[in-house]
Amino acid sequence: MIELVLSFFSEYLIEFMGTMLGIGLILRFGAYKQSIADNTYYSSFTRELELNVEKDKEEGREIEGVEKYLSSVLSRVGEKLPERSVRLGGKKKELETPKEKQKISLRDYVSGKHGLMTSIQAESSVFHHQTPPNFNELTSRIMGQDPNWMKVLKYFPVDGVIRIIDLLPGLFIVFGVFGTFIGISMALPEIANIDFNNLESSADTLMAFVLNVTYAMKTSIAGIFFSLVLTVLNTLFPIKQTRYRVFKKVEVSLQTLWYHIHTVQSEDHDQKDVMEKLVSILEKLDKKLGSEELEDNVEELKPKAS
């Protein structure tokens, strides 16, 4: 088995590394392009969500119920989202069949079965609780419903692809060193066959020795070069950092939404408590003083407290 592996790599190691580089570049291109599209997709949503929440704060909009408010704010956000499909090349695309003849837009992503809006509404119970949730886990659950966020090229898990891309530069160095040792191991036995007293008759042996040493050097050079290519690309066009920024944008927008709901509810609850206490005090004074004017004031306050 070891001989078979050594035989294969002694012939095709550079070609094998080249194939790995090609696959890595394809996956990397797909992952980076998708991360840019995801950034546009989620940024459009979070920007509109935060703008609507801020507008509600300025206008003092009351929250009659969590589900109702979530439905209202998400509906208003949906009206402002772009008409173009940011995940399909930025153009309005017409589907071919009459049954599917409809414009694909960002709204289809945020209102579909696994869409962002649907996922947020499914977590409405979280917005009921008075204790702040773990927003990192909440964001992971919501974004985890989006297949475009979780897979590259619709088939490959994005976390696995990122790990492979991060590992490839180191693997190329390892394969380069591996090829160097293979070349040296093939070259050394040739020395025993060299007749130093008659170098002309050992020309073929010397040639084989030089070719094996050259192969050892070429594999190291190829490994270093391939590693350098991916390292530069990973540095200039990071995927993990881009996805992290997108994730944090969604997390911050969910925090903003949660704290807005509970701040307004707390203020309404405090106002209600104050009015109820005031009515209670006035009723007690009314009983003691028996003032008709005070009784009228109490009756005027009661509807406001309800």
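Every number in this text was worked out from the coordinates using simple rules, so none of it is lab data. Everything numeric here is computed off the predicted structure, so don't read it as measured data. Note: ideal-geometry Cβ built from the backbone for every residue, glycine included; neighbour counts use all protein chains shown.
The table below gives the values:
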{"read-out": "Difference of contour (0.36 nm per residue) and Cα-Cα distance, Ile26 to Val177", "value": "51.9 nm"}
{"read-out": "Highest-first arrangement of 172-179, 183-190, where packing means the average Cβ count within 10 Å", "value": "172-179, 183-190"}
{"read-out": "Rounded FRET efficiency, nearest 0.05, which uses the C-beta distance separating Thr40 from Tyr155 and R0 of 30 Å", "value": "0.85"}
{"read-out": "Summed residue charge, Cβ within 15 Å of Lys218's Cβ, Lys/Arg positive, Asp/Glu negative", "value": "-2"}
{"read-out": "Inter-probe distance in nm under a simple model that places probes 7 Å from Cα toward Cβ, at Leu188 and Ser124", "value": "7.3"}
{"read-out": "Cβ-defined net charge surrounding Asp166, 12 Å radius [Lys, Arg +1; Asp, Glu -1]", "value": "+2"}
{"read-out": "Length gained when the stretch Glu137-Ile2 is fully extended (0.36 nm per residue, less Cα-Cα span)", "value": "44.0 nm"}
{"read-out": "Label-point separation in nm, Val210 to Ser10, each point 7 Å along Cα→Cβ", "value": "2.0"}
